[in-house]
1. Are any residues in region 305-353 of a type in the set (Ser, Thr, Tyr) and either touching a Phe, Trp or Tyr at 6+ places or on another chain (Cβ under 8 Å) or not assigned by TED's automatic domain parsing to the domain that holds residue 288 (or both), and if so, which ones?
2. Tell me which helices (runs of 4 or more DSSP H) are completely within region 117-191 and hold 3 or more residues being of a type in the set (A, V, I, L, M) and surrounded by fewer than 19 Cβ atoms within 10 Å (Cβ to Cβ), or say none if there are none.
3. Within region 254-271, track down each residue that is closer than 16 Å to residue 294 by Cα and not in a helix (DSSP H, G or I).
4. Determine which member of the set 226, 241 is within 27 Å of residue 300 (Cβ to Cβ) and either part of a helix (DSSP H, G or I) or at pLDDT 85 or above (or both).
5. What are the pairs, 6+ residues apart or on separate chains, where a residue within region 141-158 that is of a type in the set (Lys, Arg) has its Cβ under 7 Å from a residue that is in a helix (DSSP H, G or I)?
6. Please work out if residue 302 is over 30 Å from residue 133 (Cβ atoms), without any contact (Cβ under 8 Å) to a residue 12 or more places away in the chain and either assigned to a helix (DSSP H, G or I) or assigned by TED's automatic domain parsing to the domain that holds residue 349 (or both).
Amino acid sequence: MAEDLKTLAGLLTDTTLAVVAIAYGMLFTLAAAAGLFGWWLNILVSLSLGRFGYAVLRVAAQGRDPKPPDIETMNPVSELPLIAHLLVFPGLIAWYLIAVTLAGDSATAPAYFLIGLSLAIFPASAALIGITRNLLYSLNPIRIVGVIKALGRRYLILLLACLGVFLASQLVLSLLASHWGIVYQIFSMSVGVWTHLMLFGLIGVTVHSAREVFDIPGLAEVADDRRSRWGQEDKHAEWRRALDIIYGNWRSEQHAKAYGELRKLIDGEPDGREILPWLFENTLEWGDKRCALSIARLLVRQLIADDRTDQAMTVVLRCRRYANVLLLAPGDAALLASHARDIGQLGLAGELASWENQ
């Protein structure tokens, strides 16, 4: 949660987006004053801004800082699915308003309901295309509902935040409206651009807050995950050093000493759920498999205790490649034999049952 709030605060105060908003505001002001040529410039700048909005959404979803637009990002005709998506929802709203004009008062309530619905589902749809770049996914009602369900109450908070940003920008413009002339025109355009970028950024931040649910390409590693990974890497490095000593003793035929060091290493970890699989995989690489088979006995015992019989069976089947009989803890072979019978592997069940008294 702290990381998400930090990301949100960074987005709202990001100087890069502020400078970009001013630059686009100047371009829109120039387009407004350029007569007939201004129409074409306005279209190109609008498409470019729309394209950049999805770029802001994507980097915010990744948990990264926004970057200034480059030539590719500002290209108004690149990644046409993004441009098509940006035009779909305004097009729907325009169609609803035209329907009201043509049908009269009878269509007013349904049209405004559909307008509200379109605005409400736009963030979910934008999140889909921002992550996947797939226009069909973003317009699929089932996938849109899936995004809303995945976000849960965060989606409602997102809608309220978007509404808050929009109302705040309108309030600022109304309070500062004066006879500023060209300065106020550039300022008002820049505020509009900033609002547009913030709305897309808020969608991205919300998706990032649910990163455990979504498959986000290029996801940045957050501080907590990074600290966890560093701790894991340090622990594995320590295990590796201990295992190197054990391997040296084993190769020197000092098996009793190797087993003693191995026992000490395992006992040093109160939870064997992580170290036993690690030791099994690493000792299985040795030319002499006896050490790995000894660890397998402990690992199978742990997996059975955790009610992960299928995984225990997988370990046993891997060990069968190197030994005809795997000495298991009392009762484990019988339990695995019963499991093999339940899944229809009668031959394997008989073999495992014969191990019980070995």
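1. None; the set is empty.
2. Answer list for region 117-191: 141-151, 153-176.
3. Across region 254-271, the qualifying residue is only 254.
4. 241
5. Listed pairs, sorted by first residue: 143/128; 143/137; 154/206; 154/209.
6. So residue 302 does not fit the description; no.
Quick grid of which residues meet (1) outside the structural domain of residue 23 (by TED's automatic domain parsing); (2) at pLDDT 90 or above; (3) under 28 Å from residue 83 (Cβ atoms):
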residue	(1), (2), (3)
142	no, yes, yes
154	no, yes, yes
164	no, yes, yes
180	no, no, no
204	no, yes, yes
215	yes, no, yes
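Conditions tested, residue by residue: (1) surrounded by fewer than 16 Cβ atoms within 10 Å (Cβ to Cβ); (2) under 21 Å from residue 327 (Cα atoms); (3) in contact with a strand residue (DSSP E or B) (Cβ under 7 Å, 6 or more places away or on another chain); (4) not assigned by TED's automatic domain parsing to the domain that holds residue 312.
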| residue | (1), (2), (3), (4) |
| --- | --- |
| 236 | yes, no, no, no |
| 250 | no, yes, no, no |
| 258 | no, yes, no, no |
| 269 | yes, no, no, no |
| 273 | yes, yes, no, no |
| 281 | yes, yes, no, no |
| 285 | yes, yes, no, no |
| 293 | no, yes, no, no |
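The values are calculated or read from the model by the stated rules, or taken from the named source; none is laboratory data. On a predicted model such as this, the values are computed, not experimentally measured, just so you know. Note: ideal-geometry Cβ built from the backbone for every residue, glycine included; neighbour counts use all protein chains shown.
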